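The structure appears right after this line, and notes come after that.
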Amino acid sequence: MAKRRYDDNTVIIFDTTLRDGEQSPGATLSSAEKLEIARQLARLGVDVIEAGFPAASPDDLKAVQRIAREVGTADGPTIAGLSRALEGDILTAWEGVRDAAKPRIHTFLGTSPSHLAMLRIDQEQGLQRIREGVSLARSLCDDVEFSPMDAGRTDTEYLIRACAVAVECGATTLNIPDTVGFVMPSEWAETLEMLINETPGAGPGSGVIWSVHCHNDLGLATANTLAGLKKGVRQVEVTINGVGERAGNTSLEEVVMAIHTRKSFYDLRTNIDSTQIMKTSRLVRNYMGMPVQPNKAIVGANAFAHESGIHQDGVLKNAQTFEIMLPEDVGLTQSKLVLGKHSGRHALRVRLRELGYVIDGDELMDIFKRFKDLADVKKTVTDADLEALVADEAAHTPEDSFRLVDIQVACGTMGMPTATVKLANQDGEEVVVAAVGTGPVDASYRAVDDIVQAPNVLLEFNVHSVTEGIDALGEVTVRISPEGSNRSFGGYGADSDIIVSSVKAYVSALNRMISSMGMGDHSPEGDAATVGLSSSAG
């Protein structure tokens, strides 16, 4: 990991994928998944990881504590915990981050008229809460960030007063959030310039870091964030793939590559290793079960793809004709190494290492077996196929309540679609159930439901091919919600057989639901394994 450098031209990258990003509907992550993403964010080179909202739940507190201990090392990123400007929240946030080498408490209070009304306080009472909250946080931690929530709809004069109080009480970073994605770039730039120049104790040379946190409700999150950088903002709060509440947050990859690609315009730099962007994007995509749209800037499947004959001719002659950055800059590869059914385990391991995956031992053997099975179906196995295989393996852990052993489906115009599914539980006990449905996927899911007995509603079912051609590997992501609950859980699966991919994704989502919601007995009982909802579910 390269040593981070900081100067007046360095933009601090504050990643909130594990906090604001996880607030996306259905994007719930387990503690183990949060830790793995945090480790990858550290490899990516983010400066601050907002690991969670410790007061939100005991599990969130434990996840933040583990990230603080295992990722928040002396040469690693700052680990931040979010809290409302309330004593209990702040104390819990400190419990979460205190074991990090560089801990930060990030506290906030709504300052717009609608948010003050929601809190049933006036402006003066709001200032008093800021004073008490920031003072308490600073008594615990030297690194304190304050955010006036919904700043985009807050009177500028009141924002200046709120920020002045926060600085007076020890805040070292002032984060100005456009919480509902309301502002336009030009007016946002004017507001930020006024705040930086007129807030007592926080002007240029004061040592206070100004930050922005923008939402994408009008598709302007990145534009508003970049507008802030031109006015002196030096911290940006972002998420991988732009995930987050509603329409999401500012996308890390867009801001970083804008700074990287337009160096002469911004004259700024970051500590990000951009070659880790694609790997981080895919990890977040798979764990959250949230597909990235093909035309998404930087990390979308089509970001470096060319179909037009004119574009193809231009790129073949000179890539810069139609590409403003190299695919290698963000971690994509243009290697022509071809892997097929005659390739050995060593060649597979080398290619995986070139793609950034250090895999050995039993895990390599498992992927090699699946690689050989895929190579028997396809003439060649592409890098995208390999990454899908690795992602599919990562989607299943030893702690899973169930795993797919076998599946057989009969369907067509004659007879009812029928699926026979065999699942194994954590003890290795296997259960076989057959079911009929309106189609092969429906029949398969009904068979799984008969075994798992975890009532849920299927909210989303997405399928796409990893590569072109009739023999392409198929990826499936699903999202389910427990009956009677407003929570949702995502799952991911990849296989050359789309029905198998579908069942893998469904079982993956069920495992996450079972683990997160405290669902109980996973032992076979009669013809099926029974899983009962705990009293806390729903």
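Every number here is computed from the coordinates shown, using simple stated rules; none is lab data. These numbers were taken from a predicted model, which means no experiment stands behind them. Using ideal geometry, Cβ is built from the backbone for each residue, glycine included, and neighbour counts are taken over all protein chains shown.
Applying 1/(1 + (r/R0)^6) with r as the Cβ-Cβ distance of residue 157 and residue 217 and R0 = 22 angstrom yields a FRET efficiency of 0.30. The trypsin sites (Lys or Arg not before Pro) of segment 353-461 that DSSP puts in a loop, and whose beta carbon has at most 16 other beta carbons within 10 Å, are 379.
Converting the Cα gyration tensor eigenvalues of segment 402-529 into ellipsoid dimensions via √(5λ) gives semi-axes, longest first, of 23, 18, 14 Å. Multiplying the residue separation of residue 463 and residue 358 by 0.36 nm and removing their Cα-Cα distance gives an extension gain of 35.0 nm.
Ordering 485, 251 by the number of other Cβ atoms within 10 Å of each residue's own Cβ, fewest first, gives 485, 251. Given a Förster distance of 60 Å, report the FRET efficiency between residue 198 and residue 406 from their Cβ-Cβ distance, rounded to the nearest 0.05. Given R0 = 60 Å and the Cβ-Cβ separation, E is 0.30.
Modelled spin labels at residue 39 and residue 399, positioned 7 Å past Cα toward Cβ, are 1.3 nm from each other. When 348, 109 are sorted by how many other C-beta atoms sit within 10 angstrom of their C-beta, beginning with the fewest, the order is 348, 109. Exposure proxy shown here: for 138, 131, the number of other Cβ atoms within 10 Å sets the order, fewest to most, as 131, 138. One decimal place: the segment residue 70-residue 346 gains 96.2 nm when fully extended, by the rule 0.36 nm per residue minus the C-alpha distance. On full extension, the segment bounded by residue 118 and residue 295 gains 59.9 nm, given 0.36 nm per residue less the C-alpha separation. Charge tally for residue 426 (other residues, Cβ to Cβ under 10 Å; Lys, Arg +1; Asp, Glu -1): -3. Using a cut-off of 31 Å between Cα atoms, the listed pairs 279/341; 372/422; 62/296 include 62/296 as exceeding that distance. Work out the charge dipole of the chain with +1 on the Cβ of Lys and Arg and -1 on the Cβ of Asp and Glu about the Cα centre, then indicate which of 35, 384, 139 is farthest towards its positive end. Farthest along the dipole direction, towards plus: 384. Note on residue 125 and residue 168: the model spin-label points, each 7 Å out from Cα along the C-beta direction, lie 2.0 nm apart. A convex hull fitted to the Cα coordinates of segment 182-289 yields 112 cubic angstrom per residue. For the chain, what is the calculated [θ] at 222 nm in deg cm²/dmol (nearest 500), taking -39500 (n - 2.57) for each run of four or more DSSP H residues and dividing by its residue count? Calculated mean residue ellipticity at 222 nm is -12000 deg cm²/dmol. Can you give the FRET efficiency for residue 262 and residue 372, using 1/(1 + (r/R0)^6), R0 = 60 Å, r = Cβ-Cβ distance, to the nearest 0.05? The pair residue 262/residue 372 has a calculated efficiency of 0.85. For segment 500-516, backbone nitrogen atoms closer than 15 Å to the point 7 Å from residue 57 Cα along Cα-to-C-beta are found at 510-516. Summing Cβ point charges (Lys, Arg +1; Asp, Glu -1) relative to the Cα centre of the chain gives a dipole of roughly 1000 debye. Label-to-label distance for residue 329 and residue 139 is 4.9 nm, based on points extended 7 Å past Cα in the beta-carbon direction.
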